[in-house]
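The structure under discussion appears below in the form of structure tokens.
Derivation of every value follows stated rules applied to the coordinates shown; laboratory data play no part. Here the structure is a predicted model, which means the values were calculated and not measured. Virtual Cβ from ideal backbone geometry, glycine too; neighbours counted across all protein chains shown.
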Amino acid sequence: MFRFRSPKEQDAVVQVALKQIEKMLKEMQADGKDLTRLKLKKFQKTHHATCRCEQCRSAKAKDDPRLRGLLEDGFKVYVEGDEP
Ligand SMILES: [Zn+2]
């Protein structure tokens, strides 16, 4: 993750990111992509399968990958009905 020197700097970066996302979506729409069913899904990435931290080892012992350690939140954008 980025480290910001100040909340003001963070705001500026968020604004730029939003502008770029908006631009990208407009381009996709111009390409004929139907974005009316566009969805944004929040998810948490789990640690890599080879991770040996305490949480991951315990998950392996219980044979339940959902108990694995989590990395930071991620977002996934997709069109409904076209889910990867
Ligand atoms: Zn882990």
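Percent of Cα pairs in the chain per distance bin of 5 Å, from zero to the largest separation: 3, 12, 13, 14, 14, 13, 14, 10, 6, 1, 0. Checking every one of the GluC sites (Glu not before Pro) in the stretch 6-84 against DSSP loop status and a limit of 13 other Cβ atoms within 10 Å picks out Glu80.
Could you pull out the trypsin sites (Lys or Arg not before Pro) across the stretch 1-70 that fall in loop regions by DSSP (anything but H, G, I, E, B) with no more than 15 other Cβ atoms inside 10 Å? Here the sparse-neighbourhood loop sites are Arg3, Arg5, Lys33, Arg37, Arg52, Lys62. By the helix-only formula, in which each DSSP H run with n ≥ 4 contributes -39500 (n - 2.57) and the sum is divided by residues, the chain has a 222 nm mean residue ellipticity of -12500 deg cm²/dmol. Compared with the alpha-carbon gap, the fully stretched path from Met28 to Arg57 is longer by 6.2 nm at 0.36 nm per residue. Name the residues of the stretch 60-79 whose amide N is less than 18 Å from a point 7 angstrom out from the Cα of Val14 along the C-beta direction? The answer is 73-76, whose backbone nitrogens lie closer than 18 Å to the label point. Label sites at Thr36 and Phe4, each approximated as a point 7 angstrom past Cα along Cα to Cβ, lie 3.6 nm apart.
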